[in-house]
Amino acid sequence: MQPFEVFVAHSCEEICQLLHVPERVLIAGGTDLIPQLRKGKNSVREVIDISHVQELKYIKKLENKIVIGALTTFSEMIDSSIVHVEAPLLWQAANQIGSPMTRSRATIGGNLAHASPAADSIPPLLCMDATIQLSSSKGDRIIPLEQFLLGPGLTALQSGEFIKSIIFTPLSQFFEYAYFKNGARKGMSIAITSLALALSIKNGKINDIRIGVGAAAPTAKRCIKAEEFLMGKVPSTEIWLEGACIAASEIAPIDDIRASKDYRRKSVESTLKSAFVEMSSGEKGRLHENH
Amino acid sequence: MKTINLKFTVNGQLCQIITLPNRTLLEVLREDLNLTGTKNGCEVGECGACTVIMDGNPVNACLVLASQVEGHCVETIEGISSHGQLHPLQKAFIESGAVQCGFCTPGMIMASKSLLDKNPDPSKQEIQKALEGNLCRCTGYVKIIEAVQKAAKEMRK
């Protein structure tokens, strides 16, 4: 790798101080950064190692929300009963990231900061109305996750800022939910498309629906028009087909090395169609633990 | 570049080294500590040949920056036999025909050990999941999975 200096932070305060030099880059789990450094991301000359900042590793419940510290790894989230029981969409997505080795190191903060449109944690977090806490020497601010994600690899992080935590509202027990990842293989694959789906039916009508799609737009996104169409409707095959069609029209996939935009659009539409039908007729709870 | 001082445990022994910061745990293990059992396959965390166990969790040593290992405990393939006796996983891999060229083997064994340390009776699906980050170009994986099952049975006795 090219020469660079490493500064080690042991607290949030030290991160703030070290980030006064804006060209410095943070390393947490390193699962995205180190491959980039090997491929010659040549502008990096100074790296701040934040992996030792224990105060950013936590999963806790705060009133009706769940808060996860930015340096919590995906393995820690998988082992957490809070995440498993109360955020099963996120739990399912975490299980489909990389390999056990990736999951031991990769952090939720890193997944968000890297802001890949294919990031697995993002569609579930969007479905749970997540907000993100950003911190700098000027203080903290909290913004909706949608406003944090600006484009492929682009975030609203300002100079001197880092991610402190992610906050979201767990789905109630009345939801059916599933995370579907379309990848070239089961493990170690980047999503060609991904879908986080949560559905609640009450008195025979759809009373809440969340559709989060990844790898099919410049950022992961909710299919708001499809959700609005489906809300309040009595589920039927025709309704589901139309909802899936509307969702497929809301996304903006591209051609890239993994798939064509047409394939991605079809993938989202057909996954949604079959998921809707299965979830509204099937038994309660997890649909796919591993796809 | 300024050198950095590192203090960490490898296979139960405390190590202190001085190294350059733009290196990974994989390079430190192989070049500074002469522990060449951990292999360099891809250097980008895709193949699993460099799998070691850090604080009880499987990690790709090629993705751990040197400074990040400070204060942590690392187990490598060299450390799993004891008093000259092979670990049940090592025995099972040999006996099951799970070793051809042997290059993926240390990584496969460390990933398997990490599984069995937490889950002594894994299903075939759980073994496959635990090894999803380890590539083998020789064996076709069948014998590797059989070896893990054999070792698990042996370790449960």
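The values are calculated or read from the model by the stated rules, or taken from the named source; none is laboratory data. Here the structure is a predicted model, which means the values were calculated and not measured. Here the Cβ positions follow ideal geometry from the backbone for every residue, glycine too, while neighbour counts run over all protein chains shown. These accessible areas exclude ligands, DNA and RNA; they are computed on the full protein's heavy atoms, side chains included. Shrake-Rupley method; radii C 1.70, N 1.55, O 1.52, S 1.80 Å.
Principal axes first, then extents: for the Cα atoms of the range B:44-117, list largest minus smallest coordinate on each axis, whole Å, largest first.
The principal-axis extents, from largest down, are 38, 28, 19 Å.
Have a look at the DSSP beta bridges in the protein assembly as shown and tell me what percent are antiparallel, nearest 5.
Restricted to the protein assembly as shown, the bridges split so that about 85 percent are antiparallel.
Let's test the formula: R0 of 60 Å, r as the Cβ-Cβ distance of B:Ile18 and A:Tyr263. What FRET efficiency results, to the nearest 0.05?
Result of the calculation: an efficiency of 0.70.
State, to one decimal in nm, how far the label point of A:His114 lies from the label point of A:Glu55, with both points 7 Å from Cα in the Cβ direction.
It is 2.7 nm.
Check which residues have an amide H placed less than 5 Å from A:Ile190's amide H, if you skip close sequence neighbours.
A:Ala184
With every protein chain kept in the model, how would you rank B:Met110, A:Met1 by accessible area, 1.4 Å probe, largest at the top?
Largest accessible area first, the residues go A:Met1, B:Met110.
In peptide B:70-77, how many Cβ atoms from other protein chains are near each Cβ within 10 Å, on average?
For peptide B:70-77, the averaged partner shielding equals 1.
Can you give me the pair-distance distribution of the range A:98-146, C-alpha pairs, 10 Å bins, whole percents?
Per 10 Å bin, starting at 0, the Cα pair percentages come out as 22, 50, 24, 4.
If you wrap a convex hull around the Cα atoms of the range A:7-46, how much volume per residue is inside, in Å³?
Each residue corresponds to 66 Å³ of Cα convex hull volume.
Per residue of the range A:20-32, what does 6.51 cos²θ - 1.76 cosθ + 1.60 with θ = phi - 60° give for ³J(HN,Hα)? Whole Hz please, x for Gly and Pro, Karplus curve as stated.
Running phi through 6.51 cos²θ - 1.76 cosθ + 1.60 with θ = phi - 60° gives 5, 9, x, 6, 5, 10, 8, 10, 10, x, x, 6, 9 Hz.
Write down Rg/Rh for the range A:134-261, rounded to two decimals, with Rg from the C-alpha atoms and Rh from the Kirkwood relation over Cα pairs.
Over the Cα atoms of the range A:134-261, Rg/Rh equals 1.02.
What Rg and what Dmax come out for chain B when only alpha-carbon atoms are used, in angstroms?
Over chain B's Cα set, Rg and Dmax evaluate to 15.5, 52 Å.
Shielding by partners for A:92-104, please: the mean number of other protein chain Cβ atoms within 10 Å of each residue's Cβ.
Neighbouring Cβ atoms belonging to other protein chains average 6 per residue here.
With the cut-off at 1.5 for a/c, could you classify the range B:73-157 from its C-alpha gyration tensor as rounded, prolate or oblate?
rounded
Using only alpha carbon positions, build the gyration tensor of the range A:2-104, then give the equivalent ellipsoid semi-axes as the square roots of 5 times its eigenvalues, largest first, whole angstrom.
Semi-axis lengths for the range A:2-104 are 29, 18, 9 Å.
Relative contact order of the range A:29-173, please, whole-number percent, based on alpha carbon pairs below 8 angstrom and at least 6 residues apart.
25 percent
Quick one: helix A:261-281 against the long Cα principal axis of chain A, what's the angle to the nearest 10°, folded into 0 to 90?
Helix A:261-281 and the main axis of chain A meet at about 60 degrees.
Using θ = phi - 60° and the Karplus curve 6.51 cos²θ - 1.76 cosθ + 1.60, what whole-Hz ³J(HN,Hα) does each residue of the range B:96-104 get, with Gly and Pro shown as x?
Computed from phi, the couplings for the range B:96-104 are 8, x, 8, 10, 10, 6, x, 6, 7 Hz.
With the alpha-carbon atoms as the only input, what is the per residue convex hull volume for the range A:82-211 in Å³?
Dividing the Cα hull volume of the range A:82-211 by its residue count gives 118 Å³.
If R₀ is 35 angstrom, what is the calculated FRET efficiency for the pair B:Lys2 and A:Gln133, using the beta carbon separation as r and rounding to 0.05?
About 0.60, to the nearest 0.05.
Probe radius 1.4 Å, ligands and nucleic acids ignored: give me the carbon and sulfur share of the accessible area of chain A as a rounded percent.
Roughly 53 percent, rounded to a whole number.
What is the ratio of the Cα radius of gyration of the protein assembly as shown to 2.2 N^0.38 Å, where N is its residue count, to two decimals?
Cα Rg divided by the expected 2.2 N^0.38 Å: 1.01.
Rounded to the nearest Å, what's the spacing between the alpha carbon centres of the range A:212-231 and the range A:256-274? Just the number, please.
Each part's Cα centre sits 14 Å from the other's.
Stokes-Einstein at 20 °C, 1.002 mPa s, Kirkwood radius from Cα pairs: D for the range A:57-131 in µm² s⁻¹?
Here the translational diffusion coefficient equals 176 µm²/s.
Long-range amide H contacts for A:Thr107: which residues qualify at under 5 Å (H placed 1.01 Å from N, peptide plane, sequence gap of 5 or more or a different chain)?
Counting only residues 5 or more places away or on other chains, the set is A:Gly29.
Based on DSSP H runs of at least 4 residues, each adding -39500 (n - 2.57), what is the mean residue ellipticity at 222 nm of the protein assembly as shown after dividing by all its residues, to the nearest 500 deg cm²/dmol?
-9000 deg cm²/dmol
Between B:Val44 and B:Ser81, what FRET efficiency comes out of the Förster formula 1/(1 + (r/R0)^6) with R0 = 30 Å and r the beta carbon distance, rounded to 0.05?
The formula returns an efficiency of 0.55 here.
Need one number: nm distance between label points at A:Arg141 and A:Val234, each 7 Å from Cα along Cα→Cβ, rounded to one decimal.
Rounded to a tenth, the inter-label distance reads 4.9 nm.
For the range A:192-291, take N as its residue count and report Rg(C-alpha) divided by 2.2 N^0.38 Å.
Rg over 2.2 N^0.38 Å, computed on Cα atoms: 1.05.
Per residue of A:3-15, count partner chain C-beta atoms within 10 Å of its C-beta, then hand back the mean as an integer.
Partner Cβ neighbours, averaged per residue: 3.
Note the full-extension length gain between A:Glu13 and A:Ala252 as 0.36 nm times their separation in residues minus their Cα-Cα distance, in nm to one decimal.
Stretched fully, the A:Glu13-A:Ala252 segment lengthens by 82.1 nm.
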